[in-house]
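Trainee: Below are the structure tokens for one structure; questions will follow.
The values are calculated or read from the model by the stated rules, or taken from the named source; none is laboratory data. Remember, predicted model here, so these are calculated numbers, not experimental data. Quick reminder, even Gly has a Cβ in these numbers, built from the backbone with ideal geometry, and neighbours come from all protein chains shown.
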Amino acid sequence: MFPSLKILVVEDNPDSQQMVCELIGMMGYTPSCAADGERALQLIQAQPFDVLLTDVSLPGMSGIALARAALGHQPALRIVFCTGYDKEALGASGIPASVLRKPYDLDELRAALEA
């Protein structure tokens, strides 16, 4: 386990966001949450994170655009995309990332965060 991981969760569905942030906290990690890319970038500019766990479909800025911008501020940031889309579709983004296909379970979440 990596107890010191600081994880930024970006999810626009309030119930999903709360559930994922609570699970991450129960795993011993430090979660921060944002509902959209704009707020996530504000947090990324203000503090370092180890992992960006983001939904691909967000209002305004997509999760892919967010990941590109985030890597410009924190090049060592690990990216985990959460999506209902096929993993292959994200490969074309050119962003090195793990992909969690929704719905995912606790073991899959932990493995993606610790990869």
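Trainee: Any idea which of Ala89, Ala46 is modelled with pLDDT of 95 or more and over 13 Å from the mean Cα position of the chain (by Cα)?
Mentor: Unique residue meeting the criteria: Ala46.
Trainee: Show the residue pairs that are 6+ apart or on different chains and have beta-carbon atoms under 7 Å apart, the first residue being within the stretch 50-68 and in contact (Cβ under 8 Å) with a residue 40 or more places away in the chain, the second being among the β-branched types (Val, Ile, Thr) and in a loop (DSSP other than H, G, I, E, B).
Mentor: Sorted first by the residue in the stretch 50-68, then by its partner, the pairs are Gly63/Val56.
Trainee: May I ask you to verify whether Leu41 is in contact with a Cys (Cβ under 9 Å, 6 or more places away or on another chain), within 18 Å of Pro75 (Cβ to Cβ) and at pLDDT 95 or above?
Mentor: no
Trainee: Looking at the stretch 1-22, which of its residues are crowded, with 16+ Cβ neighbours inside 10 Å, of a type outside the set (D, E, K, R) and outside any strand (DSSP E or B)?
Mentor: Leu5, Gln17, Val20, Cys21
Trainee: Still on this model: Taking Arg110 and the conditions (1) within 13 Å of Leu8 (Cβ to Cβ); (2) charged (D, E, K, R); (3) at pLDDT below 95, which numbered condition does it fall short on, given that it satisfies the others?
Mentor: The failed condition is (1).
Trainee: Follow-up. Could you name every one of the helices (runs of 4 or more DSSP H) located completely within the stretch 28-115 that has at least 2 residues being of a type in the set (Asp, Glu)?
Mentor: Numbers: elements: 37-46, 63-73, 87-91, 106-114.
Once the helices (runs of 4 or more DSSP H) in the stretch 28-115 are filtered for at least 2 residues that are of a type in the set (Asp, Glu), what remains is 106-114.
Trainee: Hey, among Pro59, Pro31, which residue is buried (at least 17 other Cβ atoms within 10 Å of the Cβ) and either farther than 19 Å from Leu113 by Cβ or not hydrophobic (A, V, I, L, M, F, W, C) (or both)?
Mentor: Working: Pro59 fails: buried (at least 17 other Cβ atoms within 10 Å of the Cβ).
Just one listed residue meets the conditions, Pro31.
Trainee: Look through the stretch 11-62, keep the residues that are in contact with a Gly (Cβ under 9 Å, 6 or more places away or on another chain) and acidic (Asp, Glu), and return whichever of them is farthest from Val80 (Cα to Cα).
Mentor: Once the filter is applied, the top-ranked residue is Glu38.
Trainee: Only one of Gly60, Gly37 is touching a Ser or Thr at 6+ places or on another chain (Cβ under 8 Å) and over 18 Å from Asp105 (Cβ atoms). Can you tell me which?
Mentor: Gly37
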